[in-house]
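Since the structure comes first, as structure tokens, the remarks are kept for the end.
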């Protein structure tokens, strides 16, 4: 597995995107080898003159250790193509981002996600529809993905939070800033109940050209895209186009045919998008009516060998953590930390004095190879 420093380094180089990153990996087998390769070797790998010049300059001036320290101070996680927790839906799209900067937490249940986007000039109708639909979707354990923009995006994030749900914001700039600036408080709330995500390095400004590419991530993280309110030239339609290209469902809320803010959504419906009158239209179309049950089952399944061994060993009879560690020949620190996580997930219960039992007597069978 490539050292994260080199993923960060290549992500900073102008002119090296997903296609060139893939070519470098195929040629060198490792981004570390590519980072230290000669100019001739890099040309042989397919880098054009401009990309090669940018790489050589970045390699000369960038302190990778300092950049990694900066990311650590910012409290960011890095997820690459090689990471086991790279979002599986996003990995399916053409040219997925090689590196994601994440502030907050991505969870397995975020695979049941819907993108909700729309105009920055939301009307009272758009706000009401967004709050109603998103509120019900979030209560059904659907993660809401949007772009933290003014208008429909903001109302989508807020409605998900108000319903106690999860929400993810994909940004068109570095995670060391928030745009628009008045959404700083909202961004902080999203970090606590989801995540902020960007493919752009720290220091990247919110320039207009960054936002259309980020829309492919919004749709890529989601099973479908809901456009609530949009004019004919709305950026939300770019997200809908990406969704269609990625094989994702496109949904649209109908509006007044004389309202400019509904012309884009009405046109989407005319062109084949699925009309949405209530949240159930989306839940049934995407077979998401049982998500809460799916999430419960997923949370109860062991994520690794240690969890699996603990589940096999525990019963309804209390066992002390020291006894468990001794029986399984595992370090006490590993057993304690794993049990704490399993308790949060509802898999085990502590019944006093560091004694643990299974949270349920029967149900999902746990198997250990």
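The values are calculated or read from the model by the stated rules, or taken from the named source; none is laboratory data. Keep in mind the model is a prediction, meaning the values are calculated, not measured. Using ideal geometry, Cβ is built from the backbone for each residue, glycine included, and neighbour counts are taken over all protein chains shown.
Some points to look at:
- Verdict on residue 151 being out of contact with any strand residue (DSSP E or B) (no Cβ under 9 Å at 6 or more places or on another chain) and surrounded by fewer than 19 Cβ atoms within 10 Å (Cβ to Cβ): no
- Subset of segment 157-181 [more than 17 Å from residue 217 (Cα to Cα), touching a strand residue (DSSP E or B) at 6+ places or on another chain (Cβ under 8 Å) and assigned to a helix (DSSP H, G or I)]: 159, 160, 161
- Looking only at segment 82-100, and only at residues there that are over 10 Å from the mean Cα position of the chain (by Cα) and not in a loop (DSSP other than H, G, I, E, B), the one that is nearest to residue 166 (Cα to Cα): 91
- Residue 185 vs. criteria modelled with pLDDT under 95, farther than 25 Å from residue 96 by Cα and either assigned by TED's automatic domain parsing to the domain that holds residue 229 or not in a loop (DSSP other than H, G, I, E, B) (or both): no
- Whenever a residue of segment 172-194 is closer than 15 Å to residue 75 by Cα, its partners that are assigned to a helix (DSSP H, G or I) and modelled with pLDDT under 95, lying with C-beta atoms within less than 8 angstrom and at least six residues away or across chains, give the pairs 194/110.
- Filter result for residue 25 (outside the structural domain of residue 249 (by TED's automatic domain parsing), surrounded by 19 or more Cβ atoms within 10 Å (Cβ to Cβ) and touching a strand residue (DSSP E or B) at 6+ places or on another chain (Cβ under 9 Å)): no
- Subset of segment 187-233 [over 22 Å from residue 89 (Cβ atoms), in contact with a strand residue (DSSP E or B) (Cβ under 9 Å, 6 or more places away or on another chain) and surrounded by 18 or more Cβ atoms within 10 Å (Cβ to Cβ)]: 187, 201, 202, 204, 230
- Residue match in segment 123-135 (condition: out of contact with any strand residue (DSSP E or B) (no Cβ under 9 Å at 6 or more places or on another chain), assigned by TED's automatic domain parsing to the domain that holds residue 228, assigned to a loop (DSSP other than H, G, I, E, B) and over 24 Å from residue 90 (Cα atoms)): yes
- Those residues of segment 318-332 which are outside any strand (DSSP E or B) and in contact with a strand residue (DSSP E or B) (Cβ under 6 Å, 6 or more places away or on another chain), in sequence order: 318
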